[in-house]
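Accompanying notes for the structure given below.
The values are calculated or read from the model by the stated rules, or taken from the named source; none is laboratory data. Keep in mind that this is a model prediction, so the values were computed, not measured. Neighbour counts are summed over all protein chains in view; Cβ atoms, including those assigned to glycine, are modelled from backbone coordinates with ideal geometry. In case anyone asks, the SASA skips ligands and DNA or RNA and just uses the protein heavy atoms, side chains included. Shrake-Rupley method; radii C 1.70, N 1.55, O 1.52, S 1.80 Å.
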Amino acid sequence: MMNKVIILGSGLAGIASGYKLKQNNIEFEIFEKENEYGGLCRRLKIGKFIFDRFPHFSFTKNKEIRELFDTSSNEYYSHIPNIANYYKSLWLGNPTQNNLYPLDKEQKIKIIEGFKNRPNIENPKNYREWLDASFGYYFAKEFSDKYTRKYWTTEPENMSVDWVGYRVIKSPLEEIEYGAWNNDNKSKYYASEMRYPKHGGFQSFFDSWTPKENIRLNHNLIRWNVKKKELLFDNGYKTSYDKIISTLPLTYIANIIEDIPDNVKEAASKLCYTSGYTVSIGLKGKVNVPYLWFYVYDEEILFPRVYIATLKSPYNAPEGYSSLQTEIPCSKFKQINLSNNEIVEHTINKLVEMRIFDYKQVEFAQLDYHQYANILFTLDTETNKKIVLDWLNENGILTAGRYGKWEYFWTDQAINSGFEIVNDNF
């Protein structure tokens, strides 16, 4: 008879696992180190302004998840992705290679010729080769490489191609040539609709079905004895379990499991991830751009992406105000060698230079740091991940979520991994 089921972490995968266990009338507890649930998707309130901890939209086509989201928040905005790219004071549509019209003639010719003469690499061994084979040397060097260093914090040759899928859009020659000589700005994205709650930020999509009564907040796991099935938290609380689902980062749990083999711990230590700062800014009046979000290629500007929170929902700010949020990734490969105040100052100065808003509009700017932002797929990720996950599986530890599975999951994929781990094991 199953006596005690524990879930570690109350991000989307953790609460999704709890939701399924509750449906199946299985008793469980969720342990969360923060003072609120939701992980990077939880809301961030600054006065009367609402942001997400990290910017989010929903574009899921999963029927069950859509119904859950609709039940929790049936008032939402449905946006057609309106995206742009900022490059040396120019605004290009998305994807960049399809919207070259603002560039000078010489540069457009270099990109098109580079695309025509791109190398034929059937099985690229790293992201560098994938970019060169997809876009040609000139575009890859001038655009893709710069963005990779900014967002992924490392050089493309250090990354695998396992994560790419359809996240990076490829284009046929006729689309590239057409966008170079015609000012149509035909933007496209891999999702045709982006949904966002009218009120309460992205968290409103999962507030109502989160099993809040089963969550123990402010419980940070610091020691785990797998053989005895015992857990110790930083507040002194101890407990044991019969079955366990972990959504915690593999790199973290490898350091707190007492009886983990050296080779497994070593493999976990080689797994890489990005951390990230967000700068959330409240403004008097309107932002000067119409884009839901935009990408920034200039390497002297720290942030690679900017989201306009009040275009996601005008209710994210009081009437007469607007808001936006920037992301600034970092990792062991790339540190941000500025103080917190300097990061905020840099962000505001660059956004003003880009004419996104004026200094006099700024009401506040808040910096937040998030240790785990995204999985960084280095060349040995799959090998090391398999070593860790195989050992966890052999020892009865179920895993779910972006960091538990060490996958580049979107929100619906994280939720679905929580569903699946319960459906397959309980």
Cα axis of helix 411-425 to longest principal axis of the chain: angle in degrees, 0 to 90, nearest 10? 30 degrees
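Rounded to a whole number of µm²/s, how large is the Stokes-Einstein D of the range 243-372 at 25 °C and 0.890 mPa s, given Rh as the Kirkwood radius over C-alpha pairs?
145 µm²/s
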Quick check on the chain: what are the equivalent-ellipsoid semi-axes from the Cα gyration tensor, as sqrt(5λ), descending, whole Å? 38, 26, 20
Per-residue ³J(HN,Hα) for the range 319-335, Karplus 6.51 cos²θ - 1.76 cosθ + 1.60, θ = phi - 60°, Hz, x for Gly and Pro: 4, x, 10, 9, 7, 8, 9, 10, 10, 10, x, 8, 6, 5, 8, 9, 9
Dimensions in Å of the range 94-159 - Rg and Dmax from alpha carbons: 12.0, 33
Would you work out the relative contact order for the range 184-337, in percent, from Cα pairs under 8 angstrom that are 6 or more residues apart? 19 percent
Can you find, among L221, Y297, F31, the residue farthest towards the positive end of the dipole of the chain? Put +1 on the C-beta of Lys and Arg, -1 on that of Asp and Glu. F31
Provide the descending list of Cα extents for the range 155-280 along its principal axes, expressed in whole angstroms. 67, 43, 29
Per-residue accessible area, 1.4 Å probe, largest first, puts R223, R216 in the order R223, R216
Its Cα gyration tensor gives the range 152-219 an equivalent ellipsoid whose semi-axes in whole Å, largest first, are 39, 22, 10
Please state the relative contact order of the range 1-148 as a whole percent: Cα pairs under 8 Å, 6+ residues apart? 11 percent
Give me P(r) over the range 214-282, computed from all C-alpha to C-alpha distances, binned every 5 Å, as integer percentages. 3, 13, 21, 22, 15, 12, 7, 4, 2, 1, 0
Dipole-positive endmost among Q335, W406, I356 within the range 334-426 (Cβ charges, Cα centre): I356
Rg and Dmax of the range 48-91, Cα atoms, in Å? 15.0, 44
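Would you mind getting the Kirkwood hydrodynamic radius of the range 329-382 from its Cα pairs, rounded to one decimal in Å?
Working: mean 1/r = 0.0730 Å⁻¹.
It works out to 13.7 Å.
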Rounded to the nearest 500, what is the 222 nm mean residue ellipticity of the chain from helices alone, with -39500 (n - 2.57) per DSSP H run of 4+ residues and division by all residues? -8500 deg cm²/dmol
How much of the pair distance distribution for the range 297-426 lies past 27 Å, counting alpha-carbon pairs only, in percent? 42 percent
Calculate how large, on average over all directions, the projected area of the Cα convex hull of the range 89-230 is; give the answer in nm² to one decimal. 14.7 nm²
Given Cα pairs under 8 Å that are at least 6 residues apart, what percent is the relative contact order of the chain? 24 percent
Lysines with Cα under 23 Å of K360, excluding same-chain neighbours fewer than 8 positions away: K45, K48, K284, K286, K350
Measure nothing but the geometry: give the 0 to 90° angle between the long axis through the Cα atoms of 12-23 and the longest principal axis through the Cα atoms of the chain, rounded to 10°. 40 degrees
S208 accessible area, 1.4 Å probe, all protein chains in place, Å² to nearest 10: 70 Å²
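For the range 1-119, what percent of Cα pairs sit more than 23 Å apart? Please report the intermediate quantities before stating the final value.
On the way: 4091 of 7021 pairs.
Beyond 23 Å sits 58 percent of the P(r) for the range 1-119.
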Estimated dipole of the range 312-391 in Debye, rounded to 20 [Cβ of Lys and Arg +1, of Asp and Glu -1, Cα centre]: 180 debye
Looking at this model, which pairs from K334/K405; K33/K332; K116/K405; K88/K270 are more than 28 angstrom apart at the alpha-carbon? K116/K405; K88/K270
In terms of the charge dipole of the range 192-276, which places +1 on Lys and Arg and -1 on Asp and Glu at the beta carbon, the residue among L231, S204, A268 farthest towards the positive end is S204
Once Rh is set to the Kirkwood radius over Cα pairs, what Stokes-Einstein translational diffusion coefficient, in µm²/s, holds for the range 270-333 at a temperature of 37 °C and a viscosity of 0.692 mPa s? 252 µm²/s
Relative to the Cα centre, what is the charge dipole magnitude of the chain, using +1 at the beta carbon of each Lys and Arg, -1 at the beta carbon of each Asp and Glu, and rounding to the nearest 20 debye? 460 debye
